[in-house]
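Scroll down for the structure; my scribbles are underneath it.
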Amino acid sequence: MPRTSASHAIHRKRHKALGVPELIAIALGGMVGGGIFTILGVSVAMVGAYTPLAIIIGGFFAALAAYSYIKLGVYYRDEGATYSFFKKTYPSSPFAASLIGWWVIFGYISTLALYAYTFSSYAISGFSFANDEWARKAVAGGIIGLFTLVNIWSVRGMGKIEDLMVYTKLAILVAISIVLMTNGHTSIPALLQKESSISLSAILIVASLTFVAYEGFQLVINAVNEMDNPQTSIPRAIYTAIALAIAIYVIIALGAIMAIPFTDIIRNKEHALAAGAGDILGQWGANLVIAGALLATSSAISGTLFGASRQMAVIAGEGHFPAFLARRTKRIPVYAILTMSGLAFSLILAGNLQVILEFGSVTFLLVSLLMAFANFKIRHLTNSSPIITGAALAGLGMGTILILYYEATNQVEQLVFIGVIYILLTLGAWLYARKWRKRN
């Protein structure tokens, strides 16, 4: 009998498709996407040479958020992640769980749209129709379609492709950034001497805005059914991915601010790194950065689609999304993948991706704050440190307040638009929570 059980366990283990390298790749794929290229110009415009420091603080916020996700993920081991954690921690509040489910899924959809649009901007940057808005949208739709097929095709195949894209893009981006630093026309001390007027509050606001660039580590938990030893694989993959993301972002930021004039970074925004490499290394340098950006956004699309579609299927299975989204073929949530891709492309067609980016940043800060509350409530069950959990609540709460303050004082129209989106999502969540109550 023991031999039969051992054989069954070994047989079952062999069917686990994702190891720690694949899980790290999924997390990095979700994090190192269009975010760093988008936030670089905003960060330099606000805090100049202190951009690397703001990025490090943003990574610290992300690590605080990850602590609660990891503890809850290891305890519950549910691929529904954010939604399931809140639902199980607060079982008497179906509306609250439904609301978080709607918020986080549409946050992922907004980042999918951002990554695809950023991919298209780089992909056609060398062509005469580079500024054609519809050409960009068509290419963005095409890349979403491609990785929709990849995710439907095979979990193992997606994992191996994600490995290749993520680790190749990291090598390219780090290499180009180091070349920029060694060929820079100034030094960090010299730049800091010119930035004496930068306040701590400005650095903390940029750190809060930077949080969206770390969105993606949660996707590891969505793959809990595809991994071995979740109790060790989840923390190892997430903490490693966040540490690597911080290092990569800091190297990219240092390369940019040391080699490229601030006015060029602010004007070119996501194209600043490519422009700087082109000035120093010529066309091949610009092409190499573009290749890295395409790989970055591609892996972000694939990793986000993989993890978020599984969370959507779980929420649908619980009755808080349309039931057909819970259907699976060979454990793959095909309808959830297709729906997320379709909604992301709809956002691209609608435009206003800058406000969608801000929506995603606010959403993930809020949801991470709520996860910290949930973990604090059951800290005795998850074996969580009350000091670390309390620090997470304080840090994420401060980040949420700071980003809302920034929006209210600098982007009032965007804040209103974000508010409208939240109202619509809240209405949808309320309707499905009401149906759930009637059935149960």
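The values are calculated or read from the model by the stated rules, or taken from the named source; none is laboratory data. Predicted model only: the values in this text are computed from it and were never measured. In this analysis, Cβ positions are derived from the backbone assuming ideal geometry, glycine residues included, and neighbour counts consider all displayed protein chains.
Below, the figures for the structure above:
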quantity	calculated
Test: residue 190 is of a type outside the set (Ser, Thr, Tyr), without any contact (Cβ under 8 Å) to a residue 40 or more places away in the chain and assigned to a helix (DSSP H, G or I)	yes
Residue within the stretch 200-211 that is at pLDDT below 90 and not in a helix (DSSP H, G or I) present	no
When residues of the stretch 14-37 are limited to those that are surrounded by fewer than 24 Cβ atoms within 10 Å (Cβ to Cβ) and not in a helix (DSSP H, G or I), the one modelled with the lowest pLDDT	15
The stretch 59-76 residues that are within 11 Å of residue 371 (Cα to Cα) and in contact (Cβ under 8 Å) with a residue 60 or more places away in the chain, paired with ones that are of a type outside the set (Asp, Glu) and not in a helix (DSSP H, G or I) (beta carbon under 6 Å, 6 or more apart)	66/217; 69/218; 71/384
Every residue from the stretch 406-431 that is at pLDDT 90 or above and buried (at least 18 other Cβ atoms within 10 Å of the Cβ)	425, 429
Subset of the stretch 206-256 (residues that are closer than 13 Å to residue 65 by Cα and not aromatic (Phe, Trp, Tyr))	208, 212, 215, 216, 218, 235, 238, 242
Given (1) assigned to a helix (DSSP H, G or I); (2) in contact with a strand residue (DSSP E or B) (Cβ under 9 Å, 6 or more places away or on another chain); (3) modelled with pLDDT under 85, number of the condition residue 40 does not satisfy	(2)
Residue ID - surrounded by the fewest Cβ atoms within 10 Å (Cβ to Cβ), chosen from residues in the stretch 350-376 that are more than 18 Å from residue 108 (Cβ to Cβ) and touching a helix residue (DSSP H, G or I) at 6+ places or on another chain (Cβ under 6 Å)	376
Matching residues in the stretch 64-74 - criterion: being surrounded by 19 or more Cβ atoms within 10 Å (Cβ to Cβ) and either at positive phi or not polar (S, T, N, Q) (or both)	64, 65, 66, 67, 69, 70, 71, 72, 73
2 or more residues over 21 Å from residue 149 (Cα atoms), touching a residue at least 60 places away in the same chain (Cβ under 8 Å) and in contact with a Leu (Cβ under 6 Å, 6 or more places away or on another chain): qualifying helices (runs of 4 or more DSSP H) within the stretch 304-404	353-377
Some residue of the stretch 144-153 being in contact with a Lys or Arg (Cβ under 7 Å, 6 or more places away or on another chain), buried (at least 19 other Cβ atoms within 10 Å of the Cβ) and among the polar types (S, T, N, Q)	no
The stretch 406-421 residues that are over 19 Å from residue 46 (Cβ atoms) and touching a residue at least 60 places away in the same chain (Cβ under 8 Å), paired with ones that are surrounded by 15 or more Cβ atoms within 10 Å (Cβ to Cβ) and of a type in the set (D, E, K, R) (beta carbon under 9 Å, 6 or more apart)	417/358; 418/358; 418/407
Pair list, Cβ < 7 Å and 6+ apart or interchain, from the stretch 143-168 residues that are within 19 Å of residue 340 (Cα to Cα) to residues that are at pLDDT 80 or above and not in a helix (DSSP H, G or I)	152/332; 155/332
Single residue of the stretch 193-215 satisfying the filter (of a type in the set (Ser, Thr, Tyr) and in contact (Cβ under 8 Å) with a residue 60 or more places away in the chain) that is surrounded by the fewest Cβ atoms within 10 Å (Cβ to Cβ)	201
The one condition in (1) at pLDDT below 90; (2) closer than 30 Å to residue 153 by Cα; (3) surrounded by 19 or more Cβ atoms within 10 Å (Cβ to Cβ) that residue 403 fails to fulfil	(2)
Qualifying residue in the stretch 332-345 (condition: small (Gly, Ala, Ser), under 30 Å from residue 225 (Cα atoms) and surrounded by fewer than 19 Cβ atoms within 10 Å (Cβ to Cβ))	yes
